[in-house]
1. Scan the stretch 61-103 residue by residue and report those that are within 25 Å of the chain's Cα centre (by Cα) and either outside the structural domain of D36 (by TED's automatic domain parsing) or hydroxyl-bearing (S, T, Y) (or both).
2. Just give me the residues in the stretch 166-182 being modelled with pLDDT under 90 and either surrounded by fewer than 17 Cβ atoms within 10 Å (Cβ to Cβ) or not assigned by TED's automatic domain parsing to the domain that holds G43 (or both), in sequence order.
3. Looking at the stretch 36-56, is at least one residue within 25 Å of the chain's Cα centre (by Cα) and either part of a helix (DSSP H, G or I) or closer than 30 Å to G123 by Cβ (or both)?
4. Considering (1) free of Cβ contacts under 8 Å to residues at least 12 places away in the same chain; (2) of a type in the set (D, E, K, R); (3) over 30 Å from M63 (Cα atoms), say which one E267 fails and leave the rest.
5. Only one residue in A216, A212, A220 is within 24 Å of Q137 (Cβ to Cβ) and either of a type in the set (K, R) or surrounded by 20 or more Cβ atoms within 10 Å (Cβ to Cβ) (or both). Which one?
6. Which condition does R156 not pass, out of (1) surrounded by 20 or more Cβ atoms within 10 Å (Cβ to Cβ); (2) at pLDDT 90 or above; (3) basic (K, R); (4) in contact with a Ser or Thr (Cβ under 7 Å, 6 or more places away or on another chain), if it passes all the others?
7. Hey, among T340, T284, T328, T308, which residue is among the hydroxyl-bearing types (S, T, Y), closer than 27 Å to S242 by Cα and not in a strand (DSSP E or B)?
8. Hey, could you check the stretch 130-153 for residues that are part of a loop (DSSP other than H, G, I, E, B) and among the polar types (S, T, N, Q) and say which is surrounded by the most Cβ atoms within 10 Å (Cβ to Cβ)?
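The values are calculated or read from the model by the stated rules, or taken from the named source; none is laboratory data. Bear in mind that the values here come from a model prediction, so they are computed numbers and not experimental data. Glycine also receives a Cβ, built like all others from the backbone with ideal geometry; neighbour counts cover every protein chain displayed.
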Amino acid sequence: MPEADVVEPWNDPGATPLIRIEGVSKRFGEFTAIDDISIDIYGQEFFALLGPSGCGKTTLMRMLAGFETPSDGRITLDGQDMAGVAPNKRHVNMMFQSYALFPHLSVWENIAFGLKRDGRDKGKIAARVDEMLKLTQLEKFARRKPHQISGGQRQRVALARALAKAPKLLLLDEPLGALDKKLRQDTQFELMDIQERTGTTFVIVTHDQEEAMTVASRVAVMDHGQLVQVDTPERIYEQPNSVYVADFIGDVNLIEGRAVVSDNTVELAWAEGRPAIAGQSVGTLANGDAATFAIRPEKIAISRDEPTERNRVQGKILDIGYLGNLSTYHVQLPEGPVITCEVGNRSRVSRRDFTWEDEVWLSWSDTAGLVLGS
């Protein structure tokens with residue numbers, strides 16, 4: 001997408017958010033599930049709540065849906081305070097991981113169910129259901145029952161039913177968790193296409209980092225009821241604000257040490273008698289602070305001959321993984337750390353340059369890694 005076409009309303013001071021979560025906490029007895037969270041979500045966003053089990057993401061989604069009430073703070077939707085507004089009175093719909101389809105109803109009847117309950121005109125119901133069937137490419141399955149279609153098709157039925165009432169906000173609770181990996185990957189792009197075509201604001205809850213990074217315009221990484229970082233997938237991956245985010249999102253090498261700060265540069269002293277590692281500083285670091293160097297495996301070069309880069313270490317290949325498109329090398333350094341690097345397999349038939357027990361050099365540029373406060 002050309003840069004001019006990229007719209008980031010969260011960076012526009014004049015933009016009005018569709019959802020405003022202000023100082024929201026949720027306690028269950030003495031346990032705090034959500035701890036003073038504030039965030040704005042904008043119209044037509046595909047927003048992801050990402051984190052491990054127990055981090056609070058589902059509790060936050062249930063408060064958006066109206067199934068839970070905040071202990072403190074408030075949630076507004078399109079300017080309206082949601083306090084006391086029942087779930088069925090909100091312009092919000094929810095798609096559950098289990099899909100919750102009615103087994104005795106056809107695909108067409110499942111999609112029409114909510115519209116019928118609202119007492120819509122029969123002609124308008126038929127037109128809307130047909131529109132949803134076309135949107136989700138289910139026209140030829142309209143008369144089948146849920147058990148007569150595949151898991152991916154059932155997922156699309158649930159999505160069509162959730163979108164039929166044209167909600168301002170659609171909540172998706174681990175919507176792809178029941179699908180196999182290949183189907184899940186295909187469905188991610190289908191979700192993105194449907195969200196873009198309808199213009200509906202989607203908020204997805206997931207523990208799958210790849211899923212969140214693929215579908216979302218922004219990702220909120222959560223831990224112990226708090227927001228750790230909220231940003232675009234690219235910035236979450238390339239500029240994590242903490243060791244927790246760097247380690248949670250994708251693969252990363254982490255080396256602990258002490259910050260060496262001078263002028264505009266920061267290095268990590270990590271092993272006695274070895275040169276310090278240079279990287280980009282994240283946050284405010286003082287000389288001698290405990291710090292961690294983080295670098296992604298794909299940003300590391302591997303060679304047999306000593307490279308010229310300032311950041312270079314030598315070690316022995318401990319293990320090799322062939323992943324089809326990538327070969328992964330685990331290199332044991334004499335000082336203890338094991339460093340992972342990835343090399344793209346560009347040709348269909350190629351001879352591996354390195355094998356187990358080979359002595360190799362690893363190197364990277366000064367801007368390839370980050371020095372993070374510990």
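1. Correct list: T76, S98, Y99.
2. Restricting attention to the stretch 166-182, the residues satisfying the condition of being modelled with pLDDT under 90 are 173-182.
Answer for the stretch 166-182, where residues must be modelled with pLDDT under 90 and either surrounded by fewer than 17 Cβ atoms within 10 Å (Cβ to Cβ) or not assigned by TED's automatic domain parsing to the domain that holds G43 (or both): G177, A178, D180, K181, K182.
3. To start, the set of residues in the stretch 36-56 that are within 25 Å of the chain's Cα centre (by Cα) comprises 36-56.
Checking the rest, the ones that are also either part of a helix (DSSP H, G or I) or closer than 30 Å to G123 by Cβ (or both) come to 43-44.
Yes: one or more hits.
4. Of (1) free of Cβ contacts under 8 Å to residues at least 12 places away in the same chain; (2) of a type in the set (D, E, K, R); (3) over 30 Å from M63 (Cα atoms), only one is false for E267: (1).
5. On the way: A212 fails: within 24 Å of Q137 (Cβ to Cβ); A220 fails: within 24 Å of Q137 (Cβ to Cβ).
The conditions single out A216.
6. In the conditions (1) surrounded by 20 or more Cβ atoms within 10 Å (Cβ to Cβ); (2) at pLDDT 90 or above; (3) basic (K, R); (4) in contact with a Ser or Thr (Cβ under 7 Å, 6 or more places away or on another chain), R156 misses (2) alone.
7. Values: T340 fails: not in a strand (DSSP E or B); T328 fails: not in a strand (DSSP E or B); T308 fails: closer than 27 Å to S242 by Cα.
That would be T284, the only listed residue that is among the hydroxyl-bearing types (S, T, Y), closer than 27 Å to S242 by Cα and not in a strand (DSSP E or B).
8. Just the residues of the stretch 130-153 that are part of a loop (DSSP other than H, G, I, E, B), to begin with: 136-138, 142-145, 149-150.
Filter again for among the polar types (S, T, N, Q), leaving 136-137, 150.
On the way: T136: 22, Q137: 13, S150: 11.
Residue satisfying both the conditions and the ranking: T136.
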